[in-house]
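Values in this text are rule-based calculations from the coordinates and carry no lab data. On a predicted model such as this, the values are computed, not experimentally measured, just so you know. Cβ atoms come from the backbone with ideal geometry, glycine included; neighbour counts cover every protein chain shown.
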Amino acid sequence: MLETRNLDKSFGAVHVTRDVSLKLERGERRVILGPNGAGKTTLFNQLVGELTPDSGSVHLAGEDVTALPVARRARRGLSRSYQKNTLFDGLTVEENLSLAAAVHTGNASQLWSDSFTKPEVHEIVAEVAEQVNLMPYIHARVSEISYGVRRQLEVGVALATRPLVLLMDEPTSGVGPEMSKGFHDLLNNLPRDLTLLIIEHDMDLAFDVADTITVLNYGEVVFDGVPEAARNSKLLKEIYLGSWEDA
Amino acid sequence: MFRHNALRYAVLVALSLAALFQALTAEYFGLEILTEILILAVLVLALDMVAGFGGQVSLCHGALMGVGAYVYALVSAKAGIAPPVAMASAVAVTGVIAWVIGAICSRSHGIYFIMATLAFGQMAYAYVFEAPVFGGDDGLSGISRLDLSLFGIDLDDSRSFALFCLAVAGAVYGASVMTLQSGLGRSLTGVMHNEQRMRALGLTVWRVKADVFGLSGMIAGLAGVLAAQHVMYISPGLLSWTVSGEALVVVILGGLGTLVGPLIGAAAFVLLKHEISAWTDHWHLVVGVVLIAVVMSGANGIFGWAEARWGGWLERRMADATRKHEQEEVVSDA
């Protein structure tokens with residue numbers, strides 16, 4: 001469903017992505033681990049088109065999308081949530097979801113009708129709000145909801161485009177243990193045919209959700225395998241999991 | 001997102017009734033002032049649509065208004081084509097030019113967008129000033145008004161023309177609301193709040209910006225047609241950046257991103273200008289002081305200030321009602 005071939009990116013002398021090749025099957029849930037500065041978010045930015053790789057290619061559903069801009073990749077089914085909330089702050093939860101659903105349903109550029117009143121937009125908004133537990137806050141403005149709920153909305157906005165592949169950049173970043181537990185359920189309840197690529201530091205969540213785990217270090221893939229193998233990987237423990245195991 | 005509320009409806013009705021009353025009862029000079037207010041209102045509605053709801057602070061809307069006026073004058077007075085066709089041509093040509101400007105400037109933001117639109121405006125001004133076909137510094141005269149004699153309306157009469165401008169301003173307000181509440185308008189507001197996210201959702205951001213800028217340009221062109229018909233003479237001064245600057249002052253004075261506010265701003269600006277210019281030639285100084293006071297108050301213009309007060313009053317009223325209800329419940333429980 002999503003594939004990268006020999007992706008490479010440097011900023012000056014700093015090599016942030018080194019020859020990264022990944023292949024995600026339809027419905028696969030892969031978690032990307034790696035210490036800070038490993039190049040995880042830079043990899044995401046190249047996947048969605050916010051950064052252009054120096055070399056290599058990105059393929060979505062068999063099509064080479066490397067040359068496509070962000071919006072066209074999104075329309076082909078590649079959606080992302082951000083590590084820092086990137087929401088429409090002055091608007092309500094419903095309006096945030098509606099904007100995304102309107103783009104997906106092709107109502108976002110129509111002059112003769114209100115995209116927010118379209119039944120197909122309503123349907124997506126209601127379904128996503130249910131999926132990410134946002135119904136109690138649906139009419140609240142973003143500025144009125146808690147940080148944890150905003151993280152849910154961050155994922156909800158990405159989901160409202162009905163993606164084939166959803167990239168989630170640290171969905172539980174900054175949320176407490178209770179909320180983090182809620183995210184386990186949220187991710188596990190997403191449709192099984194949705195392909196997920198998740199950057200996550202929460203190891204419990206990573207091992208709970210992931211079908212496969214990829215570990216990046218200094219921009220390079222140093223591990224690629226199932227969670228059990230990751231748990232037993234000596235290399236992984238050295239570069240990343242030591243502190244987790246000790247804890 | 002653009003939303004109407006009770007205060008906005010009330011102000012809109014009050015402004016419409018006041019304008020209608022003035023149009024029906026005023027003498028010649030009062031009708032001229034009213035017409036000036038209404039034409040400016042059309043222009044600032046166009047500007048508020050892009051600046052207030054799209055974050056596109058344009059300094060070329062004066063020039064777009066001028067383009068509309070000149071196209072109308074050329075097509076009707078020089079080419080001798082019927083005014084309705086000339087009006088449609090002027091609006092369409094201005095829309096296309098505005099769409100191109102919007103598309104080119106769509107990747108720039110903030111001060112760079114302002115400067116880019118200023119440059120386009122000044123290019124248009126310089127071209128019109130120098131090209132003989134536009135009459136150079138002398139401008140163009142002999143412009144006729146729309147012929148509505150078929151409906152028994154003589155637009156050469158000041159009162160009829162003021163009422164016509166009022167009808168056009170009302171229609172433009174309705175069209176602006178419809179645009180802002182359409183899919184396109186919703187997307188524009190999304191872009192203003194978070195352009196990166198709208199792009200990541202799959203929206204072709206430049207296209208949305210260009211489309212709304214084009215629509216806004218059509219309205220500015222219509223304001224130009226009204227201005228040309230009003231004075232029956234046009235000069236390059238209409239395209240000057242100062243006209244764009246004044247329109248921006250009016251939008252800020254009234255309340256950016258409210259639609260209703262700029263209508264108040266247009267009335268306040270023209271009335272201030274005429275009242276103060278009766279006392280002194282330096283009326284700009286007084287308008288400047290008023291604008292500084294409005295900006296420094298931290299409120300979003302005159303209407304923004306009123307809306308904030310009204311919102312606070314509503315909240316207090318709701319809090320009082322909730323408290324009273326709770327007290328009644330305690331008493332009934334006891």
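On a 0 to 90° scale, report how tilted helix B:28-54 is relative to the longest principal axis of chain B, with both axes built from alpha carbons and the result rounded to the nearest 10.
It is inclined by approximately 70 degrees.
Based on the inverse mean of 1/r over its pairs of different Cα atoms, what is the Kirkwood hydrodynamic radius of chain A, in Å? List each step's numbers first, then the result.
Working: mean 1/r = 0.0537 Å⁻¹.
By the Kirkwood definition, the hydrodynamic radius is 18.6 Å.
At what distance in angstrom do the alpha carbon centres of region B:194-230 and region B:298-334 lie from each other?
Computed from Cα coordinates, the inter-centre distance equals 38 Å.
Quantify how strongly other chains surround peptide A:70-79 by giving the mean number of their Cβ atoms within 10 Å of each of its Cβ atoms.
Mean partner shielding for this stretch: 4.
For chain B, modelled as a Gaussian network with Cα springs under 10 Å, which listed residue fluctuates most, B:ALA321, B:ALA267, B:ALA14?
Judging by the Gaussian network model, the answer is B:ALA321.
Suppose the chain between A:PHE11 and A:LYS84 were pulled fully straight at 0.36 nm per residue; how much longer would it get relative to their current alpha carbon spacing?
24.1 nm
How big is the equivalent ellipsoid of region B:96-143 along its three axes, where each semi-axis is √(5λ) from the Cα gyration tensor, reported in whole Å from largest to smallest?
Equivalent-ellipsoid dimensions as semi-axes: 28, 11, 8 Å.
If I take R0 = 25 Å and measure r between the Cβ atoms of A:SER113 and A:HIS139 in this structure, what FRET efficiency does the formula 1/(1 + (r/R0)^6) give, to the nearest 0.05?
0.65
Once label points are set 7 Å from the Cα along Cα→Cβ at both A:LEU235 and B:MET296, what is their separation, rounded to one decimal in nm?
6.7
What shape does region B:194-298 take by its C-alpha gyration tensor, where a ≥ b ≥ c are the square roots of the eigenvalues and a/c under 1.5 counts as rounded, a/b above b/c as prolate, and the rest as oblate? Working shown, then result.
Details: a/c = 2.88, a/b = 1.49, b/c = 1.94.
Oblate, since a/c reaches 1.5 and b/c is not below a/b.
To the nearest whole number, what is the average tally of beta carbon atoms from other chains within 10 Å of the beta carbons of peptide B:187-194?
That works out to 6 on average.
Determine the relative contact order of region B:23-157: mean sequence separation of Cα pairs under 8 Å and six or more apart, normalised by residue count, in whole percent.
Taking the mean separation of contacting Cα pairs over the length of region B:23-157, I get 25 percent.
Taking the beta-carbon count within 10 Å as an exposure proxy, list A:MET1, B:MET198 from fewest neighbours to most.
Sorted ascending by nearby Cβ count, the order is A:MET1, B:MET198.
Taking the Cα atoms of region B:12-66, what is the range of coordinates along each of the three principal axes, in descending order and whole Å?
So the extents along the principal axes, rounded to whole Å, are 39, 26, 9.
Below 8 Å, C-alpha to C-alpha, sequence gap of six or more: please give me the relative contact order for chain A in percent.
27
Where does region A:25-116 land on Rg(C-alpha)/(2.2 N^0.38 Å)?
Taking the Cα Rg and dividing by 2.2 N^0.38 Å, one obtains 1.29.
Which pairs in the list B:LYS78/B:LYS273; A:LYS84/A:LYS181; A:LYS23/A:LYS237; A:LYS23/A:LYS181; A:LYS9/A:LYS234; A:LYS40/A:LYS84 are over 26 Å apart, alpha-carbon to alpha-carbon? The partial results should precede the final answer.
Details: B:LYS78/B:LYS273 33 Å; A:LYS84/A:LYS181 19 Å; A:LYS23/A:LYS237 24 Å; A:LYS23/A:LYS181 28 Å; A:LYS9/A:LYS234 28 Å; A:LYS40/A:LYS84 14 Å.
B:LYS78/B:LYS273; A:LYS23/A:LYS181; A:LYS9/A:LYS234, as the Cα separations exceed 26 Å there.
Please give the helix A:177-188 orientation as an angle from the longest Cα principal axis of chain A, in degrees from 0 to 90, rounded to the nearest 10.
80
Quick one: helix B:110-130 against the long Cα principal axis of chain B, what's the angle to the nearest 10°, folded into 0 to 90?
With rounding to tens, the tilt is 20 degrees.
Select from B:PHE151, B:PHE53, B:ALA88 the residue farthest towards the positive end of the dipole of region B:6-239; place +1 on Cβ of Lys and Arg, -1 on Cβ of Asp and Glu, and compute about the Cα centre.
B:PHE53
B:GLU275 to B:ALA14: FRET efficiency via 1/(1 + (r/R0)^6), r the Cβ-Cβ distance, R0 25 Å, to the nearest 0.05?
Working: r = 20 Å, r/R0 = 0.80.
The computed FRET efficiency comes out at 0.80.
Quote the relative contact order of chain B in percent (integer), defining contacts as alpha-carbon pairs under 8 Å separated by 6+ residues.
Normalised by residue count, the contact order of chain B is 30 percent.
Quick one: length gained pulling B:ALA131 to B:GLU27 fully straight, 0.36 nm per residue minus the C-alpha distance? Walk me through the numbers before you get to the answer.
Details: separation 104, 0.36 × 104 = 37.44 nm, distance 3.87 nm.
Full extension of this stretch gives 33.6 nm more.
Extending each Cα 7 Å along its Cβ direction at A:GLU228 and B:ARG323, get the distance between those two points in nm, one decimal.
6.5
Where does chain B land at 222 nm, in deg cm²/dmol rounded to the nearest 500, when only DSSP H runs of n ≥ 4 count, each adding -39500 (n - 2.57), divided by all residues? Show your work: numbers first, answer last.
Details: 13 runs with 250 residues, N = 334.
Value at 222 nm, helices only: -25500 deg cm²/dmol.
Rank A:ALA102, A:GLY156, A:ALA126 by how far each Cα sits towards the positive end of the charge dipole of region A:86-162 (+1 on Lys, Arg Cβ; -1 on Asp, Glu Cβ) and give me just the farthest.
A:GLY156
Quick one: what do you get for the protein assembly as shown if you divide its Cα Rg by 2.2 N^0.38 Å?
Working it through for the protein assembly as shown, the quotient is 1.17.
Order B:35-42, A:6-13, B:203-210 from most to least packed using the mean count of other Cβ atoms within 10 Å.
Most protected by this proxy first, the peptides run B:35-42, B:203-210, A:6-13.
Given points 7 Å out from each Cα along the Cα-Cβ axis, report the B:ALA82 to B:MET115 separation in nanometres with one decimal.
So the label points at B:ALA82 and B:MET115 sit 4.8 nm apart.
Where the centre of each part is set by its Cα atoms, how far does region A:2-28 sit from region A:58-74, in angstrom?
14
Calculated from DSSP H runs of 4 or more alone, at -39500 (n - 2.57) each and per residue, what is the 222 nm mean residue ellipticity of chain A, nearest 500?
The helix-only estimate for chain A comes to -9500 deg cm²/dmol at 222 nm.
Over the Cα atoms of region B:12-123, what is the Rg over Rh ratio if Rh follows Kirkwood?
Here Rg/Rh amounts to 1.05.
Please compute, for peptide B:201-212, the average count of beta-carbon atoms on other protein chains lying within 10 Å of each residue's beta-carbon.
Rounded to a whole number, the mean comes out at 5.
From the Cα gyration tensor of region B:6-239, with a ≥ b ≥ c the square roots of its eigenvalues, which class applies: rounded if a/c is under 1.5, or else prolate if a/b is larger than b/c, or else oblate? It would help to have the intermediate numbers written out before the result.
Values: a/c = 2.16, a/b = 1.30, b/c = 1.66.
Since a/c reaches 1.5 but b/c is at least a/b, the shape of region B:6-239 is classed as oblate.
Calculate, for B:TRP313 and B:PHE151, the FRET efficiency according to 1/(1 + (r/R0)^6) with r their C-beta to C-beta distance and R0 45 Å; round to the nearest 0.05.
The pair B:TRP313/B:PHE151 has a calculated efficiency of 0.50.
Please compute the volume of the convex hull spanned by the alpha-carbon atoms of region A:86-162 and report it per residue in Å³. Don't skip to the end; give the middle numbers.
Numbers: hull volume 6.1 nm³, N = 77.
Spelled out: Cα convex hull of region A:86-162, divided by residues, is 79 Å³.
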